[in-house]
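Chemist: First, the structure itself, so that you have it in front of you.
Read-outs throughout are calculated quantities, based only on the coordinates presented, and are distinct from any laboratory measurement. For clarity, every value in this text was computed on a predicted model and none was experimentally measured. Every residue, glycine as well, gets a Cβ built from its backbone with ideal geometry; the counts of neighbours run over all protein chains shown.
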Amino acid sequence: MEFKLPDSTKNWTSLIGATIALVTLLIIIFLIFISLYSTGSDSYLGLVTYIILPPFLIFGLVLIPIGMYFKHKQLKIAKNEGNKVLPFIDLNIKSHRTAFFIFSIGTVLYLFLSAFGSYEAFNYTESVKFCGKTCHYVMKPEYTAYLNSPHARVACAECHVGEGVDWYVRSKISGLHQVYSVTLGTVEKLIKTPISNLRPARETCERCHWPEKFYSRNLITRRHYLSDENNSEWDIGMTLKIGGKLKAFALDEGIHWHINSNVEIQYIATDYKRQNITWIKYTNKKTGKVTIYQDVDEPLTQEQIDSLSTRTFDCIDCHNHPAHIYNSPTTFINTAIDKGEIPKSLPMIKAKAVEVCSQVYSTTDSAMLGIEKSITEFYKGEYPNIYKTKLNLIKQSINGIKTEFNKNIFPEMKVRWEAFPNNIGHMESKGCFRCHDGNHETESGKVITRDCNTCHNINEQGYPSNLEKAEFGSSLKFVHPGDEVEESDWMEGSCTDCHGSEGN
C-alpha cells in the first residue's frame, strides 16, 4: 500500500517538530519502563519523565501544524489558488486519507498518554520524594527531620495541601516562587516558620486526630543524663493531663481543653514566631462570656490591639513541629546514650558531646571533622588511660554523635534547634509559658495559672538507685537534679533561663 502524505507536510518545520515529538515520546516510554522495573527511588526520574519532557513533546507536536500552515500558504501562491482561503480535507484523496488516519490515531494515543501522564504527574508532585528530594540541598533538613518524626508515614501533601482542587492549585502556584528561588540560588537559608499560608489545622490534623476521641491521660517516663563525670542517670515519670480524668471528659479539662468546641481562645503575638504572646481573649461559647488577659509587663494599647493580627488558637499553636523536629544537643545526646550509640561508661561523654554539638559550624563536613577532633583530643589529654584502653568506645561515641548531629543540625541551611522553638513543653523554649507564666492578668486581677500540676503530676523522680515515688493519687514536688541548683532559682524564673539556646 502506497504511503502518501499531503504536500503541506513536506517542510523543515514540520519535520523538525515530528522528530522532536517522536524522540521525546520514545524517551518518555523508555523512562516509564525504567521506573516500573527499577527497585531504586530516584526522585529525578519522575521529574524528568512527567514534568520536564512533556513540554518538549507538546512543542514538537505544535510545530507540525505550524509548518503545514505556512507550507500550505506557499503552495496556494505557487498554484494561484488564492481564492481557497482555508485548508480542506477530502478523504477521496489518498494523501488526505493517510494524514487523517495518522492524525486520528495520533490524537487518541496522545489523549491516552496525556491522561496517564497527567495522573502520574499529579501523583509525583504530591509524593514525598518530590517534596523532600527534588530540591535536595534546600529541603534536606525538612526531609531528614520528617523521616525521623512521628509522621514519617504521612505524606507531606496530606498536611501541606490536603484534599480538594483549590488547595492543590494554591500550593502549586505558591510553589512556583520556590522553584524560581532555588533555580536562581536566592532561596532563604533557614526557612521561616510558622508557615503563614498553611492550611488550617482542623482541615488536616483532625482527619486523623479526632479531638473527641483523645485518650484521657498519658503516663510518660523521661530519662536524662547529667553533665557530670559519671553521666549520672536521672529519671522522671509523669502523668500528662492531655484530657480529663475519664475518657468521656477528654475535652472538658486538661491540655486539650484549649480546642474544646465550646471554647474559643484568641491571642496576639508581637513576634513572627509567636513566642511573645501579650494579649489573650477567652470566649465561653455557651455563656458568651469574654475574658481578656494582658501581659502585665507588656500591655497593649487599644490602638496596638486593633492594628496587630489576632490568631485563633488551634493544634499547631502547641504542636508547631509535628513532622519537622530539630532536637537540641541535650535531647539527642540523651537519646543516643539511651540507644547505646554513645557508651555511658565513658567519663564526661554527655557534657563533651553536648559541648561539641552546640558549636556553630559552617558546613557539615567541618562539623564532622570538629566533632572527631574535639572528642579525640579531649580523652587523649584529660583521660589518657581511657584513650589507650577504650579507643574503640571513643570511636563508637564519635560515630554516635555524628549520626544524631546529622539528624538535627544542618549548617549549610543554618538549621539549628534555637531557630525552631518547640511549643510542646517548656524547658528549652517558652512553650506553655508563653501564656502560663503567671504574668497574664485580667483587669480584675485574675491570673492564668503557672501551677505545674495543671498539666502534669510527677509520679517519680531521681537517680535510679534512689528513686522517689509518689503515693497513689498524689504527686511529687519537682526536685531539680544537681546540688548546685537552688529551689528559688528555678521557681522564680523559667526553665529557658538555663535550658534555652545557651543552656545545656
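Chemist: If Lys and Arg each add +1 and Asp and Glu each add -1, what is the summed charge of the other residues whose beta carbon sits under 14 Å from the beta carbon of I242?
Modeler: Local net charge: +2.
Chemist: Run the quick spin-label model on I77 and E212: label points 7 Å from Cα toward the beta carbon, then report their separation in nm to one decimal.
Modeler: Taking the two extended label points, one gets 7.6 nm.
Chemist: Can you tell me the relative contact order of the chain? Whole percent, Cα pairs under 8 Å, sequence separation 6 or more.
Modeler: So the answer I get is 13 percent.
Chemist: Any chance you could run the full-extension gain for T310 through E188? It's 0.36 nm times the residue separation minus the Cα-Cα distance, nm to one decimal.
Modeler: So the chain would gain 41.3 nm between T310 and E188.
Chemist: Could you tell me the distance between the Cα centroids of region 458-475 and region 203-252, to the nearest Å?
Modeler: 17
Chemist: Treating only the Cβ atoms of Lys and Arg (+1) and Asp and Glu (-1) as charged, compute the dipole magnitude of the chain about its Cα centre; round to the nearest 20 debye.
Modeler: In total the dipole reaches around 2920 debye.
Chemist: Determine, from the Cβ-Cβ distance of V62 and D497 and an R0 of 45 Å, the FRET efficiency 1/(1 + (r/R0)^6), rounded to the nearest 0.05.
Modeler: Working: r = 66 Å, r/R0 = 1.47.
That pair, V62 with D497, gives E of 0.10.
Chemist: Further question on the same structure: Taking only complete DSSP H runs, can you tell me which helices of the chain stretch 24 Å or more along their own long axis by Cα positions and average at least -1.0 on the Kyte-Doolittle scale?
Modeler: Result, helices passing both filters: 12-37, 53-79, 94-125, 165-184, 364-382, 391-408.
Chemist: Highest mean first, what order results for 160-168, 442-450, 143-151 on Cβ atoms within 10 Å?
Modeler: Put in order of decreasing packing, that is 143-151, 160-168, 442-450.
Chemist: Using helices alone, what [θ] at 222 nm do you get for the chain, with -39,500 (n - 2.57) per DSSP H run of 4 or more residues, divided over all residues and rounded to the nearest 500?
Modeler: Values: 16 runs with 213 residues, N = 504.
That comes out to -13500 deg cm²/dmol.
Chemist: Between K380 and Q178, what is 0.36 nm times their sequence separation minus the Cα-Cα distance? Round to one decimal in nm.
Modeler: Extending this stretch completely gives an extra 68.0 nm.
Chemist: While we're looking at this one, here's another question. Where does the chain land on the Kirkwood hydrodynamic radius, alpha-carbon pairs, in angstrom?
Modeler: 28.3
Chemist: Okay, next question. With a 10 Å radius around each residue's Cβ, average the other Cβ atoms per peptide and rank 293-303, 259-269, highest first.
Modeler: Details: 293-303: 12.9, 259-269: 16.5.
Taking the mean over residues of other Cβ atoms within 10 Å, the ranking is 259-269, 293-303.
Chemist: For region 108-232, report the convex hull volume of the alpha-carbon atoms normalised per residue, in Å³, without decimals.
Modeler: With only Cα atoms used, region 108-232 gives 193 Å³ per residue.
Chemist: Order the peptides 29-36, 351-358, 284-291 from the highest to the lowest mean number of other Cβ atoms within 10 Å of their residues.
Modeler: Answer by packing, highest mean first, reads 351-358, 29-36, 284-291.
Chemist: What is the extension gain from K247 to T107, computed as 0.36 nm multiplied by their sequence separation minus the C-alpha to C-alpha distance, in nm to one decimal?
Modeler: Values: separation 140, 0.36 × 140 = 50.40 nm, distance 6.04 nm.
My answer for the length gained is 44.4 nm.
Chemist: Grab the beta carbon distance between N230 and E471, set R0 = 45 Å, and tell me the FRET efficiency rounded to 0.05. Provide the component values of the computation, followed by the final result.
Modeler: On the way: r = 30 Å, r/R0 = 0.67.
With R0 = 45 Å, the Cβ-Cβ based efficiency is 0.90.
Chemist: Taking the Cα-to-Cβ direction at N284 and at R153 and moving 7 Å from each Cα, how far apart do the two end points lie in nm?
Modeler: Between N284 and R153, the simple spin-label model gives 4.3 nm.
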